[in-house]
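> Just dropping this structure here.
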Amino acid sequence: MFDLDACVAFITNKAAKKMADEFNDRLMKLGITRVQWIALFYLGKYDGISQKELGELMDIKESTVARLIDRMEKEDYVCRLKDKDDRRITKLYLTEKGKKYRQECLPEGEKMAEIFTKGISQEELDIFMKVVDKILSNIGQEL
């Protein structure tokens, strides 16, 4: 018989929600949301990516990305520029203020990773990552 408490999907979703909530609470003290932090991370890592690419990296809809970038643009963290070769594409760049803010906020991700993995060996983390990869590859496949 099915047991929700032993269901991998339920357990991982519950853990992910708790981690996301904890991370968001810490970031709110810095004046930023977890979603904004993730956007800052990727915009700093991939300078000049498109809104579509950012949405794919963050696993959020393009309309959600547009609203997120609207807010971040108003706060002068991000600027939008049309692609020189294809004006239908909008490229995203961190402003100087955005780059500085990213550097101030980035260490929080490292702190959270340390908290979440405390007492877990590298071998255990490697196994965990392999298992998660296998689970993700199973999504969409029928039995």
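> May I ask you to list the residues in segment 112-122 that are outside any helix (DSSP H, G or I) and either surrounded by 10 or more Cβ atoms within 10 Å (Cβ to Cβ) or among the basic types (Lys, Arg) (or both)? Spell out the reasoning first.
Within segment 112-122, the first condition is being outside any helix (DSSP H, G or I), and the residues that meet it are 117-121.
Correct list: Thr117, Lys118, Ile120.
> Same structure again: Just a yes or no: is a residue in segment 50-59 among the aliphatic types (A, V, I, L, M) and loosely packed, with under 12 Cβ neighbours inside 10 Å?
No.
> Going residue by residue through segment 123-142, is there one that turns out to be surrounded by 12 or more Cβ atoms within 10 Å (Cβ to Cβ) and either among the hydroxyl-bearing types (Ser, Thr, Tyr) or not in a helix (DSSP H, G or I) (or both)?
no
> Something else now. I need the full set of residues from segment 71-111 which are surrounded by 12 or more Cβ atoms within 10 Å (Cβ to Cβ), in a loop (DSSP other than H, G, I, E, B) and free of Cβ contacts under 8 Å to residues at least 24 places away in the same chain, in order please.
Glu75, Asp76, Thr95
> Given the criterion touching a helix residue (DSSP H, G or I) at 6+ places or on another chain (Cβ under 9 Å) and farther than 28 Å from Ser50 by Cα, identify the matching residue among Lys130, Lys111. Talk me through it step by step, then tell me what you get.
Working: Lys130 fails: touching a helix residue (DSSP H, G or I) at 6+ places or on another chain (Cβ under 9 Å).
Answer to the check: Lys111.
> Here is a follow-up. Looking at Lys100, Lys52, can you tell me which residue is charged (D, E, K, R) and closer than 26 Å to Lys111 by Cα? Show your work before the answer.
Working: Lys52 fails: closer than 26 Å to Lys111 by Cα.
Residue meeting the stated conditions: Lys100.
> List the pairs whose first member sits in segment 114-143 and is under 24 Å from Cys7 (Cβ atoms), whose second member is β-branched (Val, Ile, Thr) and in a helix (DSSP H, G or I), and whose Cβ atoms are under 7 Å apart, counting only residues at least 6 apart or on separate chains?
Ile135/Val8
> Only one residue in Val78, Val65 is in contact with a Gly (Cβ under 6 Å, 6 or more places away or on another chain) and over 21 Å from Ala16 (Cβ atoms), so which one is that?
It is Val78.
> Could you list, in sequence order, all residues of segment 37-54 that are under 21 Å from Tyr101 (Cα atoms), under 13 Å from the mean Cα position of the chain (by Cα) and not hydroxyl-bearing (Ser, Thr, Tyr)?
Those that are under 21 Å from Tyr101 (Cα atoms), under 13 Å from the mean Cα position of the chain (by Cα) and not hydroxyl-bearing (Ser, Thr, Tyr): Trp37, Ile38, Ala39, Leu40, Phe41, Leu43, Gly44, Lys45, Leu54.
> Quick check: anything in segment 18-28 farther than 21 Å from Leu81 by Cβ, modelled with pLDDT under 95, assigned to a loop (DSSP other than H, G, I, E, B) and touching a helix residue (DSSP H, G or I) at 6+ places or on another chain (Cβ under 7 Å)?
Checking segment 18-28: not a single residue is farther than 21 Å from Leu81 by Cβ, modelled with pLDDT under 95, assigned to a loop (DSSP other than H, G, I, E, B) and touching a helix residue (DSSP H, G or I) at 6+ places or on another chain (Cβ under 7 Å).
The values are calculated or read from the model by the stated rules, or taken from the named source; none is laboratory data. What you see is a predicted model; the values in this text were computed from it and never measured. Note that we place each Cβ from the backbone using ideal geometry, even for glycine, and neighbour counts take in every protein chain shown.
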